[in-house]
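Read through the structure below, which is laid out as structure tokens, and then see the notes.
Values quoted throughout were computed directly from the atomic coordinates according to the rules given, and no laboratory measurement underlies them. These numbers come from a predicted model, not from an experiment. Note that we place each Cβ from the backbone using ideal geometry, even for glycine, and neighbour counts take in every protein chain shown.
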Amino acid sequence: REQYPVTEATTLPDGGFEVTLVISARPWLERLLLRLGPDAEVVHADPALADAASGAAARVLARYRTSDADR
């Protein structure tokens, strides 16, 4: 949370964090969510961003499968 444009951060009872981020572009959010993996999820956002992680992961997997099939 120190590395990103966080406007608010709350420590959760399980030791995790809930943060509010400033998002300048959807691709930036998608890359961040892919790096964080299953430990991160979008919980309070524009409904259009709710599937950012799964959509990005599906596109990466499709590209991988396409490039693998070309070999």
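Quick notes
- Using a Förster distance of 30 Å, the FRET efficiency for Thr20-Val60 (Cβ separation, nearest 0.05): 0.70
- Helix-only [θ]222 nm of the chain, DSSP H runs n ≥ 4, -39500 (n - 2.57) each, per residue, nearest 500: -13500 deg cm²/dmol
- Angle in degrees between helix 52-69 and the longest Cα principal axis of the chain, rounded to the nearest 10: 20
- Electrostatic bookkeeping for Asp14 treats Lys and Arg as +1 and Asp and Glu as -1; over the other residues with beta carbon under 14 Å from its beta carbon, the sum is -3.
- When only the Cβ of Lys, Arg, Asp and Glu is charged (+1, +1, -1, -1), the dipole of the chain relative to its Cα centre reaches about 440 debye.
- Helix 26-36 and the longest principal axis of the Cα set of the chain meet at an angle near 90°.
- The ratio of the alpha-carbon radius of gyration of the chain to the globular-protein estimate 2.2 N^0.38 Å is 1.30.
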